[in-house]
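Here the structure comes first, spelled out in structure tokens, and everything after it is commentary.
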Ligand code: CMP
Ligand code: MG
């Protein structure tokens with residue numbers, strides 16, 4: 001709906017205290033007076049001028065107008081409809097909604113109470129009754145607080161652990177590396193799926209801590225296994241591809257963390273792949289570029305995750321130092337029965353190769369999926385066909401077995 005405008009003359013009333021309201025107003029020109037009647041006296045609460053908003057409270061809490069608004073100087077008002085505001089309020093974070101409602105309730109009751117106190121000895125009566133039926137939205141917000149707290153505790157107790165999903169070199173069929181994924185090993189609920197906590201950890205920001213501790217633990221574990229099986233620690237050694245949330249792209253802390261990890265563990269930086277999503281590049285393009293370039297200076301590789309599902313605006317791709325494109329699983333999954341998906345996969349592949357990026361096909365579940373990717377010259381594949389996310393013991397076993405077959409193949413040649 002296009003915002004309507006109203007022009008009102010001095011003395012005209014916009015609305016009266018106690019009415020129900022279905023719109024708010026932004027003052028473009030002129031001045032209005034906000035007043036309330038208490039014990040028969042008019043009390044002027046405020047005078048508002050250009051750029052200020054009024055009438056928003058009734059829209060937010062769906063209660064009556066808290067005050068009367070009259071025009072002082074010819075006022076040009078932009079009318080904001082309930083729907084315009086509603087959409088934004090409904091899409092806001094539930095905690096923000098809770099805080100907003102709490103603030104308005106407090107404001108209404110203190111306004112009613114304090115002003116009444118001037119002339120009315122029975123003021124306490126004016127304070128609203130306690131709302132004993134919080135809405136479903138509010139209950140959810142309280143639950144979110146509780147779960148956020150549990151996540152923080154789990155971080156402290158070390159309950160977030162890495163699992164390792166194989167990424168296979170499609171040329172040789174061998175495991176080239178692993179994507180590190182997070183699992184919550186909950187003391188009573190068992191393994192909690194990331195679907196149940198990542199969104200909340202994103203909203204509260206604790207995803208930063210989770211990303212980093214999974215990254216550190218994964219490298220520590222892989223390096224033990226790698227050394228035990230005598231695998232290369234040079235750039236051809238097994239890599240780890242780790243998800244880095246957009247939260248890390250608001251400052252350069254992540255650069256410091258990665259540098260420390262590389263130095264401390266003596267990891268060849270090429271073996272460290274950091275997965276980001278397109279949203280990181282869209283949100284604050286300049287900041288993202290700055291941080292990615294600092295990471296590249298450390299020598300690590302950058303992978304663009306879930307490619308094809310986000311904005312996929314090709315115009316930005318060449319601006320960023322991206323080494324690997326991960327084609328989203330949905331395209332790979334449909335490539336065997338939808339010509340369109342097949343062509344999307346082909347197009348992404350040739351685009352990536354033109355830009356000298358490697359491609360990882362995600363969601364490879366059948367040999368047909370694999371064959372399609374191989375026929376297009378795709379470098380890497382990932383998915384249940386090659387292996388589920390593995391706990392560290394199974395990851396170690398997989399590398400051990402492959403090292404064994406590898407040794408068997410190359411030893412005669414050496415001997
Ligand atoms: P609403 O309750 O919808 O209608 C009256 C409006 O007056 C209210 O929203 C606020 O926008 C505004 N209002 C109420 N009290 C004050 C105050 N103390 N100062 C400034 N504006 C107020
Ligand atoms: Mg990923």
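Okay, here's what the table says:
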{"quantity": "Inter-site label distance for residue 293 and residue 350 at 7 Å from Cα along Cβ, in nm", "calculated": "3.2 nm"}
{"quantity": "At R0 = 30 Å, FRET efficiency that the Cβ-Cβ distance of residue 319 and residue 251 yields, to 0.05", "calculated": "0.90"}
{"quantity": "Ranked packing of 48-54, 201-207, most packed first, by mean Cβ within 10 Å", "calculated": "201-207, 48-54"}
{"quantity": "Choice from 155, 258, 34 with maximal GNM fluctuation in the chain (Cα, 10 Å cutoff)", "calculated": "34"}
{"quantity": "Contact order normalised by residue count of the range 301-388, Cα under 8 Å, 6+ apart, percent", "calculated": "26 percent"}
{"quantity": "Over the chain, relative contact order from alpha-carbon pairs under 8 Å, at least 6 apart, %", "calculated": "11 percent"}
{"quantity": "Relative contact order %, the range 147-263, counting alpha carbon pairs below 8 Å whose residues are six or more apart", "calculated": "27 percent"}
{"quantity": "Prolate/oblate/rounded label for the chain (Cα gyration tensor, a/c 1.5)", "calculated": "prolate"}
{"quantity": "Label-point separation, residue 384 to residue 236 (7 Å along Cα→Cβ), nm", "calculated": "3.4 nm"}
{"quantity": "Within the chain, helix-based [θ] at 222 nm, where runs of 4 or more DSSP H residues each add -39,500 (n - 2.57), nearest 500", "calculated": "-14000 deg cm²/dmol"}
{"quantity": "Calculated FRET value between residue 20 and residue 374, using beta carbons and R₀ = 60 Å, to 0.05", "calculated": "0.35"}
{"quantity": "By average C-beta atoms within 10 angstrom, highest first, the peptides 289-299, 216-226", "calculated": "216-226, 289-299"}
{"quantity": "Sites residue 63 and residue 220 - FRET efficiency at Förster radius 41 Å, r taken between beta-carbons, to 0.05", "calculated": "0.15"}
{"quantity": "Fluctuation leader among 37, 325, 213 - the chain, Gaussian network, Cα springs under 10 angstrom", "calculated": "37"}
{"quantity": "Cα→Cβ-extended label distance, 7 Å offset, between residue 265 and residue 6, nm", "calculated": "6.3 nm"}
{"quantity": "Antiparallel bridges, percent of DSSP beta bridges restricted to the chain (to nearest 5)", "calculated": "70 percent"}
{"quantity": "Tensor-based shape of the range 272-400 (alpha-carbon gyration tensor, a/c under 1.5 rounded, otherwise prolate or oblate)", "calculated": "oblate"}
{"quantity": "Rounded, prolate or oblate (a/c below 1.5 giving rounded, otherwise prolate when a/b exceeds b/c) for the range 45-110 by Cα gyration tensor", "calculated": "oblate"}
{"quantity": "Label zone at residue 99, where the point sits 7 Å out along the Cα-to-Cβ direction: the range 146-169 residues whose backbone N lies under 20 Å", "calculated": "146-152"}
{"quantity": "Between the range 226-278 and the range 159-220, the Cα center-to-center distance that results, in Å", "calculated": "14 Å"}
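Just so you know, all these numbers are worked out from the coordinates, no wet-lab data involved. Quick caveat: nothing in here was measured; it's all calculated off a predicted structure. Quick reminder, even Gly has a Cβ in these numbers, built from the backbone with ideal geometry, and neighbours come from all protein chains shown.
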